[in-house]
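Everything on this sheet refers to the single structure shown next.
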Amino acid sequence: MIDCALVYPTPSLDSPAKGPALSIFYPGVVLEKSGFEVEYSDERFDNRQHTEKLIKNSLVIGVSSMTGFQLGEAQRILKTAKEINPNIITLLGGVHPSMLPDQCIRESFIDVVCVGEGERTLLEFMKCIKKKKSLKNVKGILWKNNGNIIKNEKRELVDINKIPWPVTKKNRHYFKIAADASQIRLLSSRGCPHKCRFCYNQIFNRSTWRPMNIKKLENELDAYISEFKIKKIILGDDNIGPVKERIKKICGLMEERGITWHTGIRCEYITDEIAQTLDKSGCSSLFFGVESGSNRILNEIIGKGYPGGVENIKNCARIMSKTNITGMYSFMCGLPTETIKELIMSMELADWIKETDKNARISFYVYAPYPGTSLYKEAIEQGFQEPCTIDEWTRITLSSERNPKMENLYYISGLNFRKDKTGQNFPGLKRFSIKPFELSASLRWKTRITGFYWEKRIIKYLLAKASKGD
Ligand code: SF4
């Protein structure tokens, strides 16, 4: 009998990344090291039969999910679990239930919701389940007792330096897939000290930034190198952090080992000195949350906190253009109170960045309002229809159908700027099927005509077909 099956649902339709599912492996390894029998299913690589086999033989199934497409998959898995093994205890964790625990626990197919980080919570929960003890003292969960919903005390944030390296015999093959695809991910820190008003960090990490100490980072890095012979690593941090000296130390570790790497950083942290250090260390790409080309949106609406507003973004692109690093500049559209003029300012800034930093990769995503974040109220005032169930939240994605005009921009900008991604979604001869739509997207982008985007239906059809391998 398996104590706990941990499942990672497919996160998106279009070419999901192959990085390890850290959201199930970090808590899973803590359970394994405490003697629990744990099995994993990552539905990007395992078929549904594998998950179902685990369900039939497990005491508990834990599923991790973000909002949107993955949530729809999580819902299917948890419902299936209750159908084929009515005695199984179903637990939902991850970002979505952490933002909306009260709504999630109301679903009949969910017995327990894990709020925030799962490492200690899942361990204490499983100890109680195995010993048939009450769950009343397990911090960080919502659960049902004879039909009554019980909300336990909040869990304190974990000490990132006490979490074990997440590779075990049971999950090693997933890390091998990631290593072969150069997508091994490591979190060198959790959270972010900034307070952007749309960001999950306000709730999930309580606006704190917790760095891993450099020695532990070095050990984990070396473990990946020796175990998988990796040449590239992704530091999947939300924000590598504001501490210049720490960034330099990380650069030193990478350079000494000849490792190519990627991470996320804020635009205003990029100075000539930092950019040169990053470049020299083998950093191949950096993610920047630019969000908008309008200072009003940046300052008044989303609280991005760039001291110099758009000028910080432009300065970052200028500096990046002198390096070999690919800058990945991410915009958001459909923000509360955003006007057409401000949207065009974002498009103009995207063009300016591309013109300045020739290697730039630009993406536009649709703003997805999260309850609990300080921007949520404005989103409701602006007409955002609050979803009442998990099923309704499955439709709130970063390419969101609920906002068709902004969804147009997501596809148009993607086809215009992200030819690399289109190539991944439509490899080889399949590329010819999408080529006319790439051309029409470029024309639409140039003319700023994003309405009446009839092409979108065909593009989505082609994408769905390509994702199934047809
Ligand atoms: S800087 Fe990025 S990670 Fe930090 S709060 Fe803002 S959006 Fe979130």
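None of the figures in this text is laboratory data; all of them are computed from the coordinates on show. This is a predicted model, so every value here is computed, not measured. Cβ: placed from backbone, ideal geometry, glycine included. Neighbour counts: every protein chain shown.
Measuring from each cysteine beta-carbon in the chain, the ones with no other cysteine beta-carbon under 4.7 angstrom are C4, C104, C114, C128, C192, C251, C283, C333, C388.
Per residue of the chain, what 222 nm ellipticity follows from adding -39500 (n - 2.57) for every DSSP H run with n ≥ 4, rounded to the nearest 500?
Working: 19 runs with 200 residues, N = 470.
Rounded to the nearest 500, it is -12500 deg cm²/dmol.
Taking Cα atoms only, the orientation of helix 69-84 departs from the longest principal axis of the chain by about 20 degrees.
Diffusion coefficient of the chain by Stokes-Einstein, Kirkwood radius over Cα pairs, 25 °C, 0.890 mPa s: 105 µm²/s.
Which FRET efficiency, nearest 0.05, do D391 and K231 yield, Cβ-Cβ r, R0 41 Å? Please report the intermediate quantities before stating the final value.
Values: r = 43 Å, r/R0 = 1.04.
Rounded to the nearest 0.05, the efficiency is 0.45.
Placing pseudo-labels 7 Å out from each Cα toward the beta carbon at F452 and R48 gives an inter-label distance of 4.0 nm. Of the peptides 96-108, 222-234, the ranking by mean beta-carbon count within 10 Å, highest at the top, reads 96-108, 222-234. So, R0 is 30 Å and r is the distance between the beta-carbons of L429 and N359; what FRET efficiency does that work out to, to 0.05? Result of the calculation: an efficiency of 0.65. In whole Å, what is the distance between the alpha-carbon centres of segment 437-461 and segment 312-375? Comparing the Cα centres of segment 437-461 and segment 312-375, I get a distance of 20 Å.
Relative to the longest principal axis of the Cα atoms of the chain, helix 272-281 runs at roughly 60 degrees. Computing FRET efficiency as 1/(1 + (r/R0)^6) for Q382 and N324, where r is the C-beta to C-beta distance and R0 is 51 Å, gives about 0.75. Counting only residues at least eight positions apart within a chain, or on another chain, the lysines with an alpha carbon under 19 Å from that of K377 are K195, K304. Expressed as an acute angle from 0 to 90° and rounded to the nearest 10, what is the orientation of the C-alpha long axis of helix 22-33 relative to the principal long axis of the chain? That works out to roughly 30 degrees.
At 0.36 nm per residue, and after removing the present C-alpha to C-alpha distance, how many nm does the segment from S442 to L13 gain when stretched out fully? Walk me through the intermediate numbers first.
Numbers: separation 429, 0.36 × 429 = 154.44 nm, distance 2.32 nm.
Contour length minus the Cα-Cα distance gives 152.1 nm.
Available extension along the chain between V243 and S207 is 11.4 nm, counting 0.36 nm per residue and deducting the alpha carbon span.
For segment 10-84, please report how many Lys pairs fall under 16 Å Cα to Cα, leaving out neighbours fewer than 8 apart on the same chain. The partial results should precede the final answer.
Working: K53/K79; K53/K82; K56/K79; K56/K82.
Lysine pairs, 8 or more places apart or on different chains, close enough: 4.
Averaging Cα coordinates gives a centre for segment 251-268 and one for segment 84-113; these two points are 37 Å apart. Here segment 403-470 is treated with +1 on each Lys and Arg Cβ and -1 on each Asp and Glu Cβ, and its dipole about the Cα centre works out to around 40 debye. Between I149 and K419, the contour length at 0.36 nm per residue exceeds the Cα-Cα span by 92.4 nm.
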